[in-house]
1. From the list B:94, B:82, which residue is open to solvent by less than 30 Å² (accessible area, probe 1.4 Å), within 22 Å of the chain's Cα centre (by Cα) and more than 14 Å from chain A (Cβ to nearest Cβ)?
2. Looking at (1) more than 14 Å from chain A (Cβ to nearest Cβ); (2) open to solvent by 90 Å² or more (accessible area, probe 1.4 Å); (3) hydrophobic (A, V, I, L, M, F, W, C), find the lone condition where residue B:72 falls short.
3. Restricting attention to region B:141-180, which residues are over 19 Å from residue B:96 (Cβ atoms) and touching a Phe, Trp or Tyr at 6+ places or on another chain (Cβ under 9 Å)?
4. Name the helices (runs of 4 or more DSSP H) wholly inside region A:1-109 in which the number of residues that are farther than 29 Å from residue A:298 by Cα and touching a Phe, Trp or Tyr at 6+ places or on another chain (Cβ under 7 Å) is 1 or more.
5. Looking at region A:156-181, which of its residues are within 23 Å of residue A:332 (Cα to Cα), more than 14 Å from chain B (Cβ to nearest Cβ) and surrounded by fewer than 21 Cβ atoms within 10 Å (Cβ to Cβ)?
6. Could you list, in sequence order, all residues of region B:144-170 that are in a loop (DSSP other than H, G, I, E, B) and either modelled with pLDDT of 95 or more or open to solvent by less than 50 Å² (accessible area, probe 1.4 Å) (or both)?
7. Any residue at all in region A:308-315 that's open to solvent by less than 30 Å² (accessible area, probe 1.4 Å), under 30 Å from residue A:160 (Cα atoms) and part of a loop (DSSP other than H, G, I, E, B)?
8. Name every residue in region B:200-224 that is touching a residue at least 60 places away in the same chain (Cβ under 8 Å) and either within 12 Å of chain A (Cβ to nearest Cβ) or touching a Pro at 6+ places or on another chain (Cβ under 9 Å) (or both), in order of residue number.
Amino acid sequence: MKKILSAALAILLVSLGLYLGAQQLDSSSGGSASSKKDLIIYNWGDYIDPDLITKFEKQTGYHVIYETFDSNEAMYTKIKQGGTAYDLAVPSDYMITKLRRDNLLDKIDTSRLSNFKYIGKEFLHKSFDEKNEYSVPYFWGTLGIVYNDRYVKKGEIKSWNDLWKKKYQGQILLVDSARDIMGMSLVSMGYSMNDTNSAHLKVAKAKLDKIGKNVKAIVADELKMYMVQNEAWIGVTYSGEAVTMMDQDSHIHYVVPAQGSNLWFDNIVIPKTCKNKEAAYKFINFMLEPKNAAQNAEYIGYSTPNTAAQKLLPKSVREDKQFYPPMSTVKNLEVYRDLPSSKVQEYNDLFLEFKMYARN
Amino acid sequence: MKKNRLLFLLPYLLWIGLFVIAPLVLILGYSLTDAHSHLTLQNFAAFFSGGTFLRMMANSFWYALLITFFCLLVSYPAALALTRLKNQQFWLMLIILPTWINLLLKAYAFIGIFSRSGMVNQFLGLFGIGPVGIMFTDFAFIFVATYIEIPFMVMPIYNSLKEIDPALLSASSDLGASFWQTFRYVIWPLSWPGVESGIQAIFIPSLSLFMLTRLIGGNRVITLGTAVEEYFLTTMNWNMGATIGVILIALMLIVMLLTSRKQHKKEIEL
């Protein structure tokens, strides 16, 4: 009995020590204490050039606290809780719709942003923020096809329909997302990726069933790893993921089919939790400065919506059709609209059915 | 004294009430209502009328059965051998050790082993067998699931084998029974409670292994777990998700009834 008691006591003491240690670490790395000089940014991990933060601090005298999240949903929950006074956040398009609907965003007065004019017109007035009142584009990207030129001849894959060819049997990896894969099938038949007509969705699913034999697996983030390991020839995924793969393997290429595809955005917003608006505006304007935006785009590798910054990028990047597709393609790209939950269910049910029967 | 006992019972009762009974009631409640909290059997009707769910259920059942079978095939001889070894605690520890490693980490390790440039393919390459696609096959999925579940099968079987009085085994061989006869009529029936709890500990979680189906099975293996994940996380349709949960619980009860009935039969035979 004594032994058990002392063991239990020891465990409790160790836990207490760890807890206090964690508290100590938390408080020394910034945390919740916010003063007039602090700017708390909530962004994706490794999604800004750290040199730019230092530069901003030097230029303005503000102290930047940079916190990261790994999913839009996690970010949403923390902002809703309101525990930390985030001054800026960088959600994706559909999450902006959701944050707006739940009244968690403050309006952004773009007239206070002298550099707002550099944002390309094609990246404004999107469905998630028609009047550009709540968000400023940070990076954008597409859904497309990655392939390995060790197995697939360069330029052989141009359209979505190429994926249905018999010779790619068992060599395609798909991203595990109903919206993207159903959307791929819809757009390959000339329908919109936001189509809600049940008959169209059924036809799209029937067409997907025909790709079943070519599909090796339907995976999430691991897709990157598998492509780099040559586990499959072809993958359907986002341009952001493609950047990472191409950095690791020069044989991997990315195509956005000209027929159309998804256009996604990560935008800067000012959440309701903001305590330091002055600094928030200054930071947005700082990031919109063409020189800074270009430096950031070069560091991250994603496509910048800042047309002046784009001109400052090295020619090889600027003219890279994989990440800056020609206007003729861009005008076919669609942002996902927030669909009613019954339609979301329909998309997902059909996708689940496809996954069920895809094996034969 | 009686008051004292009640006091000691209180934390347990609270625990059971809050974390066992309440969630079960909630799941049942969600499964019997629709999005607007009206009472309905619509969810169950949807489950049993669509071929997709039924086929998914059959799939889940089949894979869980295979995983349990292979687990038993490996674990029973292993547990039996363990009881004859010298440093039993040490060997037992080696079997339990992998459970200290995070499940996700183990799954990722297997991706490394089974991939095209992985260890298995390098080994096969020595014999001139070109890289074989092992990832995303039924074999890979069942192999990894079995590997992960084995400790949970070995432990209860080992414990029940240890409880058998050695005098019974001596008596059996004294009376002229061969090893096989002793095994069939003494060891196996007496170790059945261990086998039973092993089967229950493995079959039930195996019905809804959704993480492995994606990581190792590449979503080529779809079980009810995949559907539960979709309904709770992606489409937020908790009512349908809860319905699948209730059906999983029902399946589990059936398995428990089946495994425990067998025991009675054996007793009569003896």
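1. Only one candidate qualifies: B:82.
2. (2)
3. Matches in region B:141-180: B:141, B:142, B:143, B:172, B:173, B:177.
4. A:72-81, A:93-101
5. Of everything in region A:156-181, those that are within 23 Å of residue A:332 (Cα to Cα), more than 14 Å from chain B (Cβ to nearest Cβ) and surrounded by fewer than 21 Cβ atoms within 10 Å (Cβ to Cβ) turn out to be A:156, A:158, A:159, A:161, A:162, A:164.
6. Across region B:144-170, the qualifying residue is only B:164.
7. Yes; the residues of region A:308-315 include at least one that is open to solvent by less than 30 Å² (accessible area, probe 1.4 Å), under 30 Å from residue A:160 (Cα atoms) and part of a loop (DSSP other than H, G, I, E, B).
8. Within region B:200-224, B:211, B:213, B:215, B:216, B:217, B:218, B:220, B:221, B:222, B:223, B:224 meet the criteria.
The values are calculated or read from the model by the stated rules, or taken from the named source; none is laboratory data. From a predicted model like this one, the values you see are computed outputs, not experimental measurements. Counting neighbours? That spans all protein chains shown, and the Cβs are built from the backbone with ideal geometry, glycine included. When the accessible area is computed, the model is the full protein with side chains, heavy atoms only, and any ligands, DNA or RNA have been set aside. Shrake-Rupley method; radii C 1.70, N 1.55, O 1.52, S 1.80 Å.
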